[in-house]
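Asks: One structure is given below, represented as C-alpha cells, and several questions about it will come after.
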Amino acid sequence: MKDIQLSKPQINILEKILDWLKSPNSQYITLGGYAGTGKTTLVGYLRESIKKEFPKYKIAFCSYTGKATRVMRRKLKETSQLDNKDYLGTIHRLIYKPILDDDDNIVGWERIQVEDFKYDLIIVDESSMVTEDIWNDLLQYNKPILAIGDHGQLPPINSSFNLMSNPLFKLEEIYRQELQNPIIKLSEIARKYGSIPYGELSSTVKKVKREDSDTNDLLQNLFESFNSETLVLCGYNHTRVTLNKAIRSLHFDTPNPQVGDRVICLKNNRIYDVFNGMTGTILYISKEGKGSNKYYDCEIALDYEDLPFFGKISIEQFNSSEFKNTKIEDMNYFDFGYALTVHKAQGSQAKRVILFEERFSKMDDDTFRRWLYTGVTRAEQELYIIK
C-alpha cells in the first residue's frame, strides 16, 4: 500500500466490514462515499486486511459496465491491491455464460450455477447502477456482498430500486489533500448548494456563460480536439442530438454514421452482449435491406471490452432524441456517442469533461444537486461548465 493514513471514519468502517466478514449477520452491506473521501483507498486496505485474515479468499471485484470496471481497475492498481486469483470485470461476465448453437453462435445467456461459482466475496462498485434483477441474481450465490457507490449521485433512471439510497456505512469527510483539487472543490459546492458560480478555479476548471464571445472559441477548440478522453455531457436528449451534430460536423462531412464514428448503445441485448450505455467506435458499416426493412450491418469496437459487436443496428435511431423501436428481427439500437446525457455517463470518467448545465422544469432541488454533482465528478483533470 502507498503511505496513506486512514482517517478515523475509514478505520471504523474497515473494522466493521472485517467483523461482518468474520460473522455475517446479513448477506450484504452497503458503503457510500462522496468523491474525495477515500472509498478506493479503503477498499485497498480492506483487500490487504483480508489477505491477512482470510489468506485463501478469492474476491470478485465487479461493476455494471465495462467503463466503470476500467476506472475500478486503475484505482485498485494505484493501491497495489490486485491479486492474481481475484476477478475484476463486469457483473455480466462474472455470473452469466453464453448459450451457443451448433455453429458456436451466441443465442442467449444463462446464469452460472451456484456450485460453479468460485469466489468467496463479491465487491460491487458503482452500485447505484445495478438493476434489481441483476442484484437478485448476485444474491443467489449466497456469498457475502459489499456494495459500494457514491450516495451523492443520481439514482437509477425509471426505477425505485437503488442500493445507494441509504447506505449502511458512509464516508463524507473529504481528504484534506483532495480539497486542493479544484474538481473536488466544485463537486462539494454542487452537492451542498446545487449551484456553481461562474469563474475560473484554474485554467482548465471553469464555468462560463454560453453567450460570452470567448465561449464559442473555447467550444470550437474543445470540439475539434475531441477524443476518447473527452466526455461532453448535457441534460436533454434534444441537446445531446444537437451537440452530436455540431461535433461531427468538424470531423465528418455527412450526417450518416461512418467508420471512425463514436457511438453509444441505447438498449440492452444480452444475446449480442451489449448493454445500455456502452460506447465504442465503428469499424465497419454498410446499409442493407430493402424498403422499411433497411438497417446497418455493423462492426463496433466496444470500449473496455475484449470482443467487438457484430450485427444489425437501426438506421432511424441516429440523430433521434426519442427511442425508435423496430420490428426487424435481431435489431440493436445505437446513436452517435460524442455527447451523452449525465444519466448515461454514470460509471464513466474522462480526463476532460464539457458539461452543459441544464435543469429540467420538473427537477426538484435535490435531484438537480445530484445531477450537477454527478456531471462534475465525471471529470479527472479538466472541467468546463457551460450555461
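Asks: Cα gyration tensor of the stretch 212-251, axes a ≥ b ≥ c as square roots of the eigenvalues: rounded (a/c below 1.5), prolate (a/b > b/c) or oblate?
Replies: In terms of gyration-tensor shape, oblate.
Asks: Amide H to amide H, which residues 5 or more places from Leu121 or on other chains are under 5 Å from it, using H placed in the peptide plane?
Replies: Excluding prolines and chain starts, which carry no amide H, the hits are Lys58, Ala60.
Asks: Would you please give the residues with an amide H less than 5 Å from that of Tyr284, counting only those at least 5 places away or on a separate chain, with H modeled from the backbone geometry?
Replies: Hits under the 5 Å cutoff: Glu299.
Asks: Once you have a ≥ b ≥ c as the square roots of the Cα gyration tensor eigenvalues for the stretch 1-125, tell me rounded if a/c is under 1.5, and otherwise prolate or oblate according to whether a/b is larger than b/c.
Replies: Prolate, because a/c is 1.5 or more and a/b exceeds b/c.
Asks: If you add up the charges near Ala35, with Lys and Arg at +1 and Asp and Glu at -1, over every other residue whose beta carbon is less than 14 angstrom from its beta carbon, what do you get?
Replies: So the environment of Ala35 carries a net charge of +1.
Asks: A follow-up question, please. With a 1.4 Å probe and every protein chain left in place, work out the accessible area per residue of the chain in Å², rounded to a whole number.
Replies: Roughly 48 Å² per residue, with all protein chains present.
Asks: Next up: Return the FRET efficiency for the residue pair Leu250, Asp297: r is the Cβ-Cβ distance, R0 is 30 Å, and the value is rounded to the nearest 0.05.
Replies: 0.65
Asks: Next question, about the same structure. What's the extension gain from Asp103 to Ser49 if we count 0.36 nm per residue and subtract their Cα-Cα distance?
Replies: Full-extension gain reported as 14.8 nm.
Asks: What is the local net charge at Pro255, summed over the other residues whose Cβ is closer than 10 Å to its Cβ (Lys, Arg +1; Asp, Glu -1)?
Replies: Computed value for this residue: +1.
Asks: Could you tell me the relative contact order of the stretch 253-301? Use alpha-carbon pairs under 8 Å, at least six residues apart, and round to a whole percent.
Replies: 30 percent
Asks: Could you pull out the pairs from Lys207/Lys245; Lys143/Lys351; Lys22/Lys351; Lys327/Lys362; Lys185/Lys351; Lys51/Lys75 whose alpha carbons sit more than 28 Å apart here?
Replies: Lys143/Lys351; Lys22/Lys351; Lys327/Lys362
Asks: Also: So how exposed is Ser213, as accessible area in Å² (1.4 Å probe, rounded to 10)?
Replies: Ignoring ligands and nucleic acids, Ser213 comes out at about 90 Å².
Asks: Moving to a separate point now. For the stretch 210-215, what does the Karplus curve 6.51 cos²θ - 1.76 cosθ + 1.60, with θ = phi - 60°, yield as ³J(HN,Hα) per residue in whole Hz, taken in order and with x for Gly and Pro?
Replies: The phi angles translate into 4, 7, 5, 4, 6, 5 Hz.
Asks: What does the extension gain come out to for Ser321 and Asn25, with contour length at 0.36 nm per residue minus their alpha carbon separation?
Replies: 101.9 nm
Asks: Given an 8 Å cut-off on Cα distances and at least 6 residues of separation, report the relative contact order of the chain as a percent.
Replies: Once divided by the residue count of the chain, the mean separation gives 18 percent.
Asks: Using only the Cα atoms, work out Rg/Rh for the stretch 123-280, with Rh taken as the Kirkwood radius, to two decimals.
Replies: 1.01
Asks: Something else now. Which net charge results for the neighbourhood of Lys51, defined as the other residues with beta-carbon distances under 13 angstrom from its beta-carbon, given Lys and Arg at +1 and Asp and Glu at -1?
Replies: So the surrounding residues net to 0.
Asks: Among Gln177, His238, Ser292, whose Cα lies farthest out toward the positive end of the dipole of the stretch 151-301, if unit charges sit on the beta carbon of Lys, Arg (+1) and Asp, Glu (-1)?
Replies: The Cα lying farthest towards the positive end belongs to Ser292.
Asks: Kindly provide the trypsin sites (Lys or Arg not before Pro) of the stretch 125-207 that DSSP labels as loop, not H, G, I, E or B, and whose Cβ sees at most 10 other Cβ atoms within 10 Å.
Replies: Arg176
Asks: Only one of the values (i) 30, 57, 13, 0; (ii) 26, 56, 17, 0; (iii) 25, 54, 20, 1 was calculated from this structure for P(r) over Cα pairs in 20 Å bins from 0, in percent; name its label.
Replies: Evaluating P(r) over Cα pairs in 20 Å bins from 0, in percent on these atoms matches (ii).
Asks: Does the stretch 115-212 come out rounded, prolate or oblate, given a ≥ b ≥ c as the square roots of the eigenvalues of its C-alpha gyration tensor, rounded meaning a/c under 1.5 and, failing that, prolate meaning a/b above b/c?
Replies: prolate
Asks: Right, here's the next one. So, in Å, what gap is there between the alpha-carbon centers of the stretch 77-136 and the stretch 337-387?
Replies: That distance is 28 Å.
Asks: Please state the relative contact order of the stretch 49-121 as a whole percent: Cα pairs under 8 Å, 6+ residues apart?
Replies: Computed over the stretch 49-121, the figure is 35 percent.
The values are calculated or read from the model by the stated rules, or taken from the named source; none is laboratory data. Please read these numbers as outputs of a predicted model, since none were measured by experiment. All Cβ positions, even for glycine, are placed from backbone atoms using ideal geometry, and neighbour counts span all protein chains on display. Note: accessible area is taken over every heavy atom of the protein model, side chains too, but ligands, DNA and RNA are not part of it. Shrake-Rupley method; radii C 1.70, N 1.55, O 1.52, S 1.80 Å.
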